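Here is the structure we will look at.
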Amino acid sequence: MAQHFLLSREAKTLSLPAILKMADAEIETTFRKVRWSATDGAPVCPCCGGLDAYDCRRPQGAPRFRCRACRKDFSITSGTLFAWHKMPLRSYLFAIAIFANEVKGKSALALSRDLGTSYKTCFVLAHKLREAMAEEMKGRVVGGEGKIVEVDGGYFGGYVKPANRKEDRIDRRFSVNQNGKRKVVVIIRERGGNSVPAVFNTESAAASFIKARVAKGTTVHADEAGSWDGLHERFEMKRINHLEAYSADGACTNQAELFFSRLRRAEVGIHHHIAGAYLLRYAQESSWREDNRRVSNGDQVTRIASLALKRGKSVDFTGYWQRHIPAN
Ligand SMILES: [Zn+2]
């Protein structure tokens, strides 16, 4: 049997000891080349786009530049997802490497122990890395003529704890006894290609999203759930009844199930609670990890870093812990 990719040498191109051995200048150059790839690492002012900036390093050595055109100061992380963080660049590299190496996900608490920073910092940082990963699937369309795409849904969140005493327990299958927080993650996954996740209240609400994100001419595989019946009008469909088999007559949704297995394990084993407002971010993280599972860890780190440095300030998390709750 062929060796599993993760066991091979090609999978392991960046290690924590290697990051530890890197000189400060080397780390700085690495980040500059990722941030300003078009100018091969020469600083570009995020304010006016000016190319003429000079080094005005802080006394403690933190890299800083000043634009000759608009006189503004900026750093390597100014105007990116990492703006407002005051961590040294080496810590970012550690954080991204540790985050990338965990195939199912990294808990923010464990990351804070690894980096020696607060839980709050790591919670926000981990979510920003998810935001960076999500950038890659923005507007992504999968499939095409002769290609196969699998579609499936999985329910997350809305857990209602059973009461202690038997006589107090309610039937949790009735919607009146649920808390309304249950959501469905729908995954569209191309065989041998990329995936796109989304979150809905019910599976049937996903039809127009699927039609928008799957190219014409694609063969779509789905299970027997009635929610996918509407897709027949647009695509050639293959359905599989899971009560009878997981794969029969060339129809299966095993690639989609693999994604759910990863996300479910992240929920149960790593984060314990991934429901609510950020469910989509966790789904996007799992999807990115599936798509890049055969990419070496060094390349994964470069990819995440470049997505984070190319994306502007965080939509979800800029000043997250500093937010004032309005008094009412
Ligand atoms: Zn400028």
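Since every read-out is calculated from the coordinates, none of them should be taken as a lab result. Bear in mind that the values here come from a model prediction, so they are computed numbers and not experimental data. Note that each Cβ is placed from the backbone with ideal geometry, even for glycine, and that neighbours are counted across all protein chains shown.
Here the mean projected area of the convex hull built on the C-alpha positions of the stretch 202-328 is 12.3 nm². Calculated FRET efficiency, Phe209 to Lys86, Cβ-Cβ distance, R0 = 41 Å: about 0.60 to the nearest 0.05. When only the Cβ of Lys, Arg, Asp and Glu is charged (+1, +1, -1, -1), the dipole of the chain relative to its Cα centre reaches about 1260 debye. Each helix, a run of at least 4 DSSP H residues, gives -39500 (n - 2.57); summed and divided by the residues of the chain, these come to -9500 deg cm²/dmol at 222 nm. Here the extension length gained between Glu136 and Lys216 equals 26.7 nm, from 0.36 nm per residue of separation less the Cα-Cα distance. Considering only Ala62, Ala132, Ala97, the mean-square fluctuation computed in a Gaussian network model of the chain, springs between alpha carbons under 10 angstrom, is largest for Ala62. Counting every alpha-carbon pair across the stretch 24-67, the share separated by more than 12 Å comes to 62%. With contacts taken as Cα pairs under 8 Å at a separation of at least 6 residues, the chain carries a relative contact order of 22 percent. Given the options Tyr278, Tyr92, Tyr159, which has the most mean-square fluctuation in a GNM of the chain, springs set between C-alpha atoms less than 10 angstrom apart? Judging by the Gaussian network model, the answer is Tyr159.
Relative to the dominant Cα principal axis of the chain, helix 279-291 is inclined by about 80°. Counting only Cα atoms, the size of the stretch 69-207 along its three principal axes is 68, 52, 32 Å, in decreasing order. What's the angle, to the nearest 10 degrees (0 to 90), between helix 89-101's Cα axis and the longest principal axis of the chain? Result, in degrees: 20.
Looking at the stretch 173-253, which trypsin sites (Lys or Arg not before Pro) are DSSP coil and have at most 16 other C-beta atoms within 10 Å of their C-beta? Sites meeting the loop and neighbour criteria: Arg173, Lys181, Arg182, Arg191, Lys216, Arg234.
Dividing the Cα radius of gyration of the chain by 2.2 N^0.38 Å, with N the residue count, gives 1.15. Neighbours of Phe209 by Cβ distance under 13 Å: Lys/Arg scored +1, Asp/Glu scored -1, total +3. Relative to the current alpha-carbon distance between Arg234 and Ser15, full extension at 0.36 nm per residue lengthens the span by 74.1 nm.
Note on the chain: GNM, Cα springs under 10 Å; of Lys104, Lys21, Lys147, the largest mean-square fluctuation is that of Lys21.
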